[in-house]
1. State whether one or more residues within the range A:90-105 are among the hydroxyl-bearing types (Ser, Thr, Tyr) and not in a helix (DSSP H, G or I).
2. Please go through the range A:235-249 and pick out each residue that is crowded, with 19+ Cβ neighbours inside 10 Å and assigned to a loop (DSSP other than H, G, I, E, B).
3. Does the range B:25-55 hold any residues that are within 12 Å of another protein chain (Cβ to nearest Cβ) and touching a Phe, Trp or Tyr at 6+ places or on another chain (Cβ under 7 Å), and which are they?
4. Scan the range A:225-249 for residues that are of a type outside the set (A, V, I, L, M) and within 14 Å of chain B (Cβ to nearest Cβ) and jot them down.
5. Looking at the structure I just gave you, is residue A:430 under 22 Å from the mean Cα position of the chain (by Cα) and either assigned to a loop (DSSP other than H, G, I, E, B) or closer than 14 Å to residue A:211 by Cβ (or both)?
6. Could you give me the residue pairs with C-beta distances under 6 Å whose first residue belongs to the range A:377-397 and is away from chain B (no Cβ under 12 Å), whose second residue is part of a helix (DSSP H, G or I) and of a type in the set (A, V, I, L, M) wherever it lies, and which are 6+ apart or on separate chains?
7. Do you know which residues across the range B:24-36 are in contact (Cβ under 8 Å) with a residue 40 or more places away in the chain and surrounded by fewer than 18 Cβ atoms within 10 Å (Cβ to Cβ)?
8. How many of the residues in the range A:165-215 are of a type in the set (D, E, K, R) and over 19 Å from residue A:451 (Cα atoms)?
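The values are calculated or read from the model by the stated rules, or taken from the named source; none is laboratory data. What you see is a predicted model, and the numbers here were worked out from it, not measured in a lab. With ideal geometry, Cβ positions are generated from the backbone for all residues, glycine too; neighbour counts draw on all protein chains shown.
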Amino acid sequence: MDNVNALLGGFAAVITPMNLLIALLGVTVGTAVGVLPGIGPAMTVALLLPVTYGLPVEQSLILFGGIFYGGMYGGSTTSILLNTPGESASVVTALEGNKMAKAGRAAQALATSAIGSFVAGTIATAAIVFVMPQVVDFAITLGSPEFLAIILVAFVGTAAILGSSRVRGFAALLVGLALGLVGTDFVTGQQRLTFGSPFLADNIDVVVVAVGIFAVGEALWVAAHLRRKAATVIPVGRPWMSKEDWGRSWKPWLRGTALGFPFGAIPAGGAEIPTFLSYLTERKLTKHPEEFGKGAIEGVAGPEAANNASAAGTMVPLLALGLPTNATAAIIIAAFMSYGIEPGPLLLTKEPDLVWMLVASLFIGNFFLLVLNLPLAPTWAKLLRIPRPYLYAGILFFASMGAYAVNAQPFDLFLLLALGGLGFAMRRFGLPVLPLIVGTILGPLFERHMRRSLQTTGGDISGLVGGPVAWVCYAFVLAVLLWPLVARLIGRGRGGSDDDTPGDDSPPSPGVEYDRVATWEGVGS
Amino acid sequence: MTVLVGYVPNALGEATLRAGVEESRRRSEPLVVLNMSRDDVLVDARRAPADDLERVDRDVRELGVDVEVVQVEEGGDAAEALVEAATTHHASVLVIGLRHRSAVGKLILGSVAQRVLLGAPCPVLAVKAQS
């Protein structure tokens, strides 16, 4: 009951006109960037991070939480009306959603996705209240060796499980770790990778890395692909649902929530896997199998609930362990750090008011989102008419301003440009962006835990593998790393080729433009 | 020689089309209907969907006027596209739609109509939507 009381305290703190306004602003901006393909909540939070230095920490976190949740709502609108997912988490929604819209049921598709998102978001946010303190209680007992192992799981998970290619994932991770290494060694005071530059001696600011990779990189990438046919949005009135639609939607909503929340909470879970699983589940369980592929409402309701629930799930490791499981969470971690708050298991003990206020603001933001999205979905689609040059000029402006604002050093602008070039090259060669940003943020933390573990045992290597938690983590890492090898051996043993391994069946998606989605994969959510 | 019409899928476009049909009958020249959408936006309200262009083609033919429907996708500037099409299709007259612009609109956006008027190689007929 303590949790509920603390949450009520959070509500009391959050309900001030200024905080509510910030929450409203956050969800509005979040929905807008969710609607626009290529611009995701991660990029937006990175761009706004330097701008919000003037705000109190509570308000900037309320803003970021709102943007994160809003992005999950906005993505579905474009999926349904345009067959172009606004976010990678909404790719699956386009499968049935766009078919529904073409069959004249766009209003119902938008309604089930908005209401489903609300239901899932509310249930999953409530789940945070009960799960997060348990995780914290457990995490406080962990020492450096265990944390070392958990961070390693996050590294291997983001690099190897997400994305299509392990080699590319690990390459991106190593670039990120190298970026995190630049600066002065905190134990010996040695200069590392600074090339004698006094500007680099003070570490590269994570904000500059995030803005460079997400905003400048994406802007350059879009500029290189500026010319593209315009499309026509399917006209739609006010979203609404009939009694039958409600009857067919509520079970997928709950199942989607149950799938999304845990996937959001584990490192490397993300929103893409649970949305796809939810789609498969609904296709299997539906009473109207003949409608799947032609616009079944279950195929919209389930995945949309799953992606919002996973967004809430992300908050659990973020607040309890200081571990980001997706790009937006990674940048929220950077935001904590820039305010001098150390994210980790002690966060809830040290800053209980802040944490509970953030959770309470998520409930309120979720309600705002329902109000904003249900009647206004067709209006949001009008954002797609903004010419790209205007949009990306604005992004580059904010990016440069933000990077300069961090330290007021012109050097950071050159660094921004170089990192933007790196971000462009990564998109060009299909390297995922998430492992890089996770590596940059968690790399120094990883090093600190490793140093601490080794110091306690006086440099003996056995200090790295203390405790059962670490054992489980290392076993998981080994399993992930060795799996392709084992799978190939088993495949050879059976005499079959490994082309038809189960589990890599890609979504059946005749209409969805995957080539366009692929370039945003690392940017969304 | 032809009569060239700049077509957008709305009431103004209908009015333009009607004027174009009249002009094409008067001059007994075939009609060319041009629709353009920009390449730097995801969604362009001025892009006519395929079924709309088919309808235009059918309706105009029913009125006994010879018509060619041209769609420019991945276009840039509407004024340039119209002027260019007027040259390539040897237009004897170019029919365009005019609409009111708000004060802010005047500040931000240049007038396509003005640039067509100044750039066109032939006389231009400007039409307003019926109120």
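1. Scanning the range A:90-105 turns up no residue that is among the hydroxyl-bearing types (Ser, Thr, Tyr) and not in a helix (DSSP H, G or I).
2. Hits for the range A:235-249 are A:236, A:239, A:241.
3. Selection gives B:35, B:48.
4. A:225, A:227, A:228, A:229, A:232, A:235
5. yes
6. Between residues of the range A:377-397 that are away from chain B (no Cβ under 12 Å) and residues that are part of a helix (DSSP H, G or I) and of a type in the set (A, V, I, L, M), the close pairs are A:377/A:110; A:395/A:215; A:395/A:219; A:396/A:219.
7. Of everything in the range B:24-36, those that are in contact (Cβ under 8 Å) with a residue 40 or more places away in the chain and surrounded by fewer than 18 Cβ atoms within 10 Å (Cβ to Cβ) turn out to be B:25, B:27.
8. So the count comes out to 4.
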